[in-house]
Amino acid sequence: MSTMLNNVRGHLVVVMAPMGSGKGTVIEHALELHPSMYRTISCTSRAMRPKEVDGDHYHFISPEQFEARIKSGDFLEWATFAGNKYGTPKSEVLPRLDNCGVVIVEIELQGVEQLLELIPRENMTIVYIEAGGWEVLRARAAARAPMSDTELEARYQRFLIEQQSKPMADVIINNDADIETAHAEFAQVIEEAYKKCKV
Ligand code: 5GP
């Protein structure tokens, strides 16, 4: 049983998005405007992808290390997604919320459900970033790199799961055509988050 935190002074911005939605650039733009905002680094047991950096995109740890950290109670939330484990360390979030900070986590649906049990609604904003339907994402992914039918099917299944989190969002941002509007809308969410902090 988890217990709802009280006296949260900062604000948590939870970002959910299907793969290929361009959420990274939306978040980076907001970080340029608000350098004091913090984007958490999760732990994962999945293999590192090309161009990823350990300790930057994720802390890449073994499944055994992940289990040990679950047992030690290190994670605020954690989930198994597509066969791998992902978790947000408490140390990434709690001290910053205590310090009136705005913190961004990028997580999937099971993690959001856990956070809803822990963080009062007035201290958390859930954002879903979308970029068109499956056809748009498929065409974009195919333009970037050739993909086998198996890979394409795996991506489609992942899209179906990720899309299920949309109804949980407080704010839905469409990052399909007009990127500047998407940037402005997310920046507005961050402005509001700062206003809600109890300095
Ligand atoms: P990817 O493997 O593509 O980086 O991420 C797969 C999914 O895991 C994405 O939906 C991503 O948002 C989610 N994710 C990343 N870190 C965490 C985390 O710490 N906790 C949870 N619950 N999901 C995460």
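Worth pointing out:
- Remark: the chain carries a charge dipole of roughly 340 debye about the Cα centre, counting +1 on each Lys and Arg Cβ and -1 on each Asp and Glu Cβ.
- Lys/Arg +1, Asp/Glu -1 at C-beta; the chain dipole; positive extreme among A30, L118, A68: A68
- Rounded to the nearest 20 debye, dipole of segment 74-118 from Cβ charges on Lys, Arg, Asp, Glu: 100
- Contact order for the chain, expressed relative to its length and based on alpha carbon pairs under 8 Å spaced 6+ residues apart, stands at 37 percent.
- Working from label points 7 Å from Cα in the Cα-to-Cβ sense, the E113 to A139 distance is 3.4 nm.
- Once C-alpha pairs closer than 8 Å and six or more residues apart are averaged by separation and normalised to the residue number of segment 1-69, the relative contact order reads 22 percent.
- The label-point distance for R158 and N84, in a model that sets each label 7 Å from Cα toward Cβ, rounds to 0.8 nm.
- Mean projected area (nm²) of the alpha-carbon convex hull when the chain is viewed from all directions: 11.4
- The stretch between S62 and D178, if pulled fully straight at 0.36 nm per residue, gains 37.8 nm over its current Cα-Cα span.
- Peptide packing: for 4-15, 147-158, 169-180, 186-197, the average count of neighbouring Cβ atoms within 10 Å per residue gives the ranking 4-15, 186-197, 169-180, 147-158, highest mean first.
- Cleavage-rule hits (GluC sites (Glu not before Pro)) in segment 1-61: DSSP loop, at most 14 neighbouring Cβ within 10 angstrom: E52
- The Rg/Rh ratio for segment 125-196 is 1.07, where Rg is the radius of gyration of the alpha carbons and Rh is the Kirkwood radius.
- Expected 222 nm ellipticity per residue - DSSP helices of 4 or more, -39500 (n - 2.57), all of the chain, to 500: -13000 deg cm²/dmol
- Relative contact order, whole percent, for segment 123-192 stands at 52, derived from Cα pairs under 8 Å and 6 or more residues apart.
Every number in this text was worked out from the coordinates using simple rules, so none of it is lab data. Please read these numbers as outputs of a predicted model, since none were measured by experiment. Glycine gets a Cβ as well: all are built from the backbone with ideal geometry, and neighbour counts include every protein chain shown.
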